[in-house]
């Protein structure tokens, strides 16, 4: 049995970042050597000094949608909050709705002018809904709210629609940001290209399950959430070339790790993954990892512990706490080399 309590640590609440640092690449960077355990403290834009010509940087280009909708039950003034979780087919979604038992099939929730949610059915805790809109992208942008993680403890603001999005986001579908990518600016990405670092993309649409806590003492009994991913053929070709030349594949974020390691395990380029990575997992594709600081006893801290070793990770986290690093989605970054 692997006890989840072994992956616990205490974080002072004041170190949970409520807003990001501007500019994006000026946050702090903890560099951890996973062989020696050596730690260096830098600024994120210094990361280019730890990459070499021929290395491959892989980013998740999923785009966060304003997934939180607030409307009124048709014919009443009752406020209803609808949280989009995952698209099933065109205009049909899984969603979370408070007081779902009070809704009847075909019930409408009016969100905006000519924009409403139709409750179709329920599946366990999730609602199945249909979005009715003449221009869904425009209506989501106008009426939707950014679904910030619960630990930030504030409502999403208009500026979060830009701050909680990576500069390279393209494919709509995430309800949470692939936050390791938030630290990159267009200028930094250009500098990396000039250095000879190749840049490529995958898409994994981050679901609400990324915040789902592990409730079992034995981590092997935990069931992971499922998320949709796709890997372009070009990215797979670049991975093969990079590996054959002895250079490093650098994953930006745990979502990229889960995507690449899912492919390594199954050979499937597009589909749903529920891969659960925890010690002593052996990584098949990823050589280095850029990531944020993760919650205690979470699936994400298990993944980075599998990559660098539990003791080295917890030691790095404790040093980051002592030095006042900012934690979680809007916080500082770590580069595991």
Among the strands (runs of 3 or more DSSP E) confined wholly to region 1-94, which include 1 or more residues that are farther than 30 Å from residue 230 by Cβ?
-> 28-32, 39-43, 68-73, 79-89
Output for Cβ contacts, cut-off 9 Å, separation at least six or different chains, first residue touching a residue at least 24 places away in the same chain (Cβ under 8 Å) in region 156-169, second exposed (fewer than 13 other Cβ atoms within 10 Å of the Cβ), reads 161/141; 163/22; 167/186; 168/186
Please work out if residue 194 is surrounded by fewer than 17 Cβ atoms within 10 Å (Cβ to Cβ) and either modelled with pLDDT of 95 or more or under 30 Å from residue 68 (Cβ atoms) (or both).
-> yes
Do you know which residues across region 188-212 are closer than 21 Å to residue 274 by Cβ, touching a strand residue (DSSP E or B) at 6+ places or on another chain (Cβ under 8 Å) and part of a loop (DSSP other than H, G, I, E, B)?
-> 205, 206, 207
For region 134-143, indicate whether the set of residues that are out of contact with any strand residue (DSSP E or B) (no Cβ under 7 Å at 6 or more places or on another chain) and either at pLDDT below 85 or surrounded by 19 or more Cβ atoms within 10 Å (Cβ to Cβ) (or both) is non-empty.
-> yes
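Yes or no, residue by residue, for (1) free of Cβ contacts under 8 Å to residues at least 60 places away in the same chain; (2) buried (at least 21 other Cβ atoms within 10 Å of the Cβ); (3) not assigned by TED's automatic domain parsing to the domain that holds residue 166:
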site: 21; (1), (2), (3): no, no, no
site: 32; (1), (2), (3): no, yes, no
site: 42; (1), (2), (3): yes, no, no
site: 58; (1), (2), (3): no, yes, no
Residue check: is residue 309 more than 25 Å from residue 184 (Cα to Cα), surrounded by fewer than 24 Cβ atoms within 10 Å (Cβ to Cβ) and modelled with pLDDT of 95 or more?
-> yes
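The values are calculated or read from the model by the stated rules, or taken from the named source; none is laboratory data. None of these values were measured; they are calculated from a predicted model. Note: ideal-geometry Cβ built from the backbone for every residue, glycine included; neighbour counts use all protein chains shown.
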